[in-house]
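Visitor: Structure incoming, see below.
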Amino acid sequence: MSMTSARIVVPKTAKRGEVVEIKTLIKHPMETGYRRDHRGQPIPRHIIQRFVATYNGEEVFSADLTQGVAANPYLAFSLLVEESGEITFTWTDDLGSTHSEKAEITVT
Amino acid sequence: MSRPEGEGLTRRQVAAGVAAITLVPLAPGSRAAVAGDQISTALEKITGGVPVTDGRVKLEISSLAENGFSVPLTVSVDSPMTADDHVKAIHILSEKNPVAEVVKFNLSPRMGRAKVSTSIRMADTQRVLAVAEMSDGSFWSDEAHVIVTLSACIDGG
């Protein structure tokens, strides 16, 4: 599928109780379903519908997307860092394919 | 200069928006009300009729977008983000896009701060509304008016 690469920005370290900003970007056309190809045939909709972020296994943030979100969806959000651990990111498109990324954050 | 992809998409979105407006049977001269109705309908579905108060939400979006293909926005909500008092969701609603609710963010107290960002498509110059759904069941909002220009369309070169 076209969900092949994603970029995430997560600080490597944070103080306990610090709120950090997390930025994510995934390569995806977010094809609206309103366009036609050069033969006049409708191009089917193909969008990421769901984004989920977890922190040590617990869902902390998610988003439900439509074709109104720009291509290569950018999502940024905050996270309250309480302990060292793993943050996971999962994108799911309307064809059922998913892409996942992980990041580690260490409390100093 | 040409931007074939962005230009084509935006034109179709504009066309779809215009078609949607003209299909709604309403008294002549009430176009503004009709155009705004897409937001009202979406709001009704989200709130179930609970009143939405202006405030506590800050929607940051450019008032002038050169190209509606990708318009960055940031929403922050005044909330302590504790287990007892936090933002549950933020909805971004558009007045003239083919789909009224552009994106829904689901928040949790583990975020520490109610602040999210993304980039959206805009079919036309229009109002954008950010609605925050609180853990106490109340709704708060902020709105912006964004002028979308398509300078590439009038470029004769």
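The values are calculated or read from the model by the stated rules, or taken from the named source; none is laboratory data. Values in this document were obtained by computation on a predicted structure and should not be read as measured data. Cβ atoms come from the backbone with ideal geometry, glycine included; neighbour counts cover every protein chain shown.
Let's see how each residue does on (1) among the acidic types (Asp, Glu); (2) in contact with a Gly (Cβ under 8 Å, 6 or more places away or on another chain):
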{"site": "B:89", "(1), (2)": "no, no"}
{"site": "B:94", "(1), (2)": "no, yes"}
{"site": "B:99", "(1), (2)": "no, yes"}
{"site": "B:104", "(1), (2)": "no, no"}
{"site": "B:113", "(1), (2)": "no, no"}
{"site": "B:124", "(1), (2)": "yes, yes"}
{"site": "B:127", "(1), (2)": "no, yes"}
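Visitor: Filter segment A:92-108 down to residues that are touching a residue at least 40 places away in the same chain (Cβ under 8 Å) and in contact with a Phe, Trp or Tyr (Cβ under 7 Å, 6 or more places away or on another chain) and give me whichever is surrounded by the fewest Cβ atoms within 10 Å (Cβ to Cβ).
Guide: A:98
Let's see how each residue does on (1) at pLDDT 95 or above; (2) out of contact with any Gly (no Cβ under 8 Å at 6 or more places or on another chain):
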site	(1), (2)
A:60	yes, yes
A:69	yes, yes
A:73	yes, yes
A:78	yes, no
A:83	yes, yes
A:87	yes, yes
A:96	no, yes
A:101	yes, yes
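Visitor: If residue B:82 meets every condition in (1) at pLDDT 95 or above; (2) surrounded by 13 or more Cβ atoms within 10 Å (Cβ to Cβ); (3) not in a helix (DSSP H, G or I) apart from one, which number is that one?
Guide: (2)
Visitor: Give A:78, A:62 a once-over and let me know the one that is within 8 Å of chain B (Cβ to nearest Cβ), in contact with a helix residue (DSSP H, G or I) (Cβ under 6 Å, 6 or more places away or on another chain), under 30 Å from residue B:80 (Cβ atoms) and touching a residue at least 12 places away in the same chain (Cβ under 8 Å).
Guide: Selected residue: A:78, the only one of A:78, A:62 that is within 8 Å of chain B (Cβ to nearest Cβ), in contact with a helix residue (DSSP H, G or I) (Cβ under 6 Å, 6 or more places away or on another chain), under 30 Å from residue B:80 (Cβ atoms) and touching a residue at least 12 places away in the same chain (Cβ under 8 Å).
Visitor: Give me the pairs, please: first residue somewhere in segment A:12-23 and under 20 Å from residue B:107 (Cα atoms), second residue anywhere and among the acidic types (Asp, Glu), beta-carbon distance under 9 Å, and either six or more positions apart or on two chains.
Guide: Correct list of pairs: A:17/A:82.
Visitor: To continue, here is another question. What are the residues in segment A:22-37 that are surrounded by 15 or more Cβ atoms within 10 Å (Cβ to Cβ) and part of a strand (DSSP E or B), if any?
Guide: Once the filter is applied, which keeps residues that are surrounded by 15 or more Cβ atoms within 10 Å (Cβ to Cβ) and part of a strand (DSSP E or B), segment A:22-37 yields A:22, A:24, A:25, A:26, A:31.
Visitor: Return the residues of segment A:31-43 that are under 14 Å from residue A:66 (Cα atoms) and out of contact with any strand residue (DSSP E or B) (no Cβ under 6 Å at 6 or more places or on another chain); say none if nothing qualifies.
Guide: A:32, A:33, A:34 - these are the residues of segment A:31-43 that are under 14 Å from residue A:66 (Cα atoms) and out of contact with any strand residue (DSSP E or B) (no Cβ under 6 Å at 6 or more places or on another chain).
Visitor: Right, another one. Give segment B:74-92 a look and list any residue that's more than 12 Å from residue B:133 (Cα to Cα) and either of a type in the set (Gly, Ala, Ser) or within 10 Å of another protein chain (Cβ to nearest Cβ) (or both), or say none.
Guide: B:74, B:76, B:81, B:83
Visitor: Is it the case, given these coordinates, that residue A:8 is in contact (Cβ under 8 Å) with a residue 40 or more places away in the chain, assigned to a strand (DSSP E or B) and more than 12 Å from chain B (Cβ to nearest Cβ)?
Guide: Yes.
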